[in-house]
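J.: Would you mind keeping the following structure in view while I ask a few things?
The values are calculated or read from the model by the stated rules, or taken from the named source; none is laboratory data. All figures in this text were calculated on a predicted structure; none of them were measured in a lab. When we count neighbours, we look across all protein chains shown, and the Cβ atoms used for this are built from the backbone with ideal geometry, even at glycine. What goes into the accessible areas is simple: the full protein's heavy atoms, side chains included, and nothing from ligands, DNA or RNA. Shrake-Rupley method; radii C 1.70, N 1.55, O 1.52, S 1.80 Å.
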Amino acid sequence: MIERVVDTREYVSVLRGIAEEGKVVSLRIAGSSMSPFLAHDRDYIYFTKPDRELKRGDMVFYQRLNGQYVMHRIWKKKEGAYYIVGDAQTEIEGPVRREQIFALIIKVKRKGKILQPGSFWWEFFEHIWIRLVPVRRQLTALYSVFYRLRQSVL
């Protein structure tokens with residue numbers, strides 16, 4: 001089997017072109033900024049060119065001014081610009097111009113199961129978790145305490 005190393009920017013650039021044609025593209029997640037919803041090297045996103053107005057909670061793929069490609073969630077829209085944050089983050093990035101956003105995530109494969117709008121975890125992260133940005137650190141710490149307690153009981 002021949003193994004090839006491909007530059008990530010070039011690869012995503014090709015996928016971007018396919019998505020901008022209106023086709024659905026899949027990509028394995030790299031990085032931990034969308035945890036706990038999506039996990040590095042385990043989960044997949046499926047994205048395409050946005051066909052509607054973008055809103056709070058949408059997962060979008062965009063290109064930073066430095067050329068880096070990022071997939072995060074819209075925290076808010078203000079004066080035509082978007083402010084964006086990963087599910088594992090508390091720092092809001094922005095303003096991001098609409099022209100930088102080239103794809104909308106329409107479904108994901110999480111732990112081997114397809115999730116899309118309407119599923120419990122999709123709706124939880126889109127509508128509730130996005131509003132908890134100011135207290136995410138505390139919630140994560142509290143979860144860790146309960147998780148360790150549960151593990152010690154088992």
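J.: Ranked highest first by the average count of other Cβ atoms within 10 Å around their residues, in what order do 108-121, 75-88 fall?
T.: My ranking of the peptides, most packed first, is 75-88, 108-121.
J.: Oh, and also: Using Cα atoms only, what is the angle between the long axis of helix 8-20 and the major principal axis of the chain, expressed in degrees (0 to 90) to the nearest 10?
T.: So the helix axis and the longest Cα principal axis differ by about 70 degrees.
J.: Sort 128-138, 1-11 by packing, meaning the average of other beta carbons within 10 Å per residue, with the highest value first.
T.: 128-138, 1-11
J.: Please state the shape class of the range 106-154: rounded when a/c is under 1.5, otherwise prolate if a/b exceeds b/c and oblate if not, all from the C-alpha gyration tensor.
T.: Oblate, since a/c reaches 1.5 and b/c is not below a/b.
J.: Give a residue-ordered list of calculated ³J(HN,Hα) values for the range 66-74 (Karplus: 6.51 cos²θ - 1.76 cosθ + 1.60, θ = phi - 60°; whole Hz; x for Gly, Pro).
T.: So the J values, rounded to whole Hz, are 7, x, 5, 8, 9, 10, 9, 10, 6.
J.: With everything on Cα atoms, drop me the angle between helix 136-153 and the longest principal axis of the chain, reported from 0 to 90° to the nearest 10.
T.: Roughly 50 degrees, rounded to the nearest 10.
J.: Semi-axes of the range 32-79's equivalent ellipsoid from the Cα gyration tensor, sqrt of 5 times each eigenvalue, largest first, rounded to whole Å?
T.: Taking √(5λ) for each Cα gyration eigenvalue gives 19, 14, 12 Å.
J.: Here are a few candidate values for semi-axes √(5λ) of the Cα gyration tensor in Å: [x] 63, 16, 12; [y] 21, 18, 16; [z] 27, 21, 15. Which one was actually calculated from the structure I just gave you?
T.: Step by step, semi-axes √(5λ) of the Cα gyration tensor in Å for this structure corresponds to label [z].
J.: State in Å² the accessible area per residue of the chain; use a 1.4 Å probe, count heavy atoms of protein chains only, and round to the nearest integer.
T.: 64 Å²
J.: If you count, for each residue, the other Cβ atoms within 10 Å and average over each peptide, how do 13-19, 98-104 line up from highest to lowest?
T.: Highest mean packing first, the order is 98-104, 13-19.
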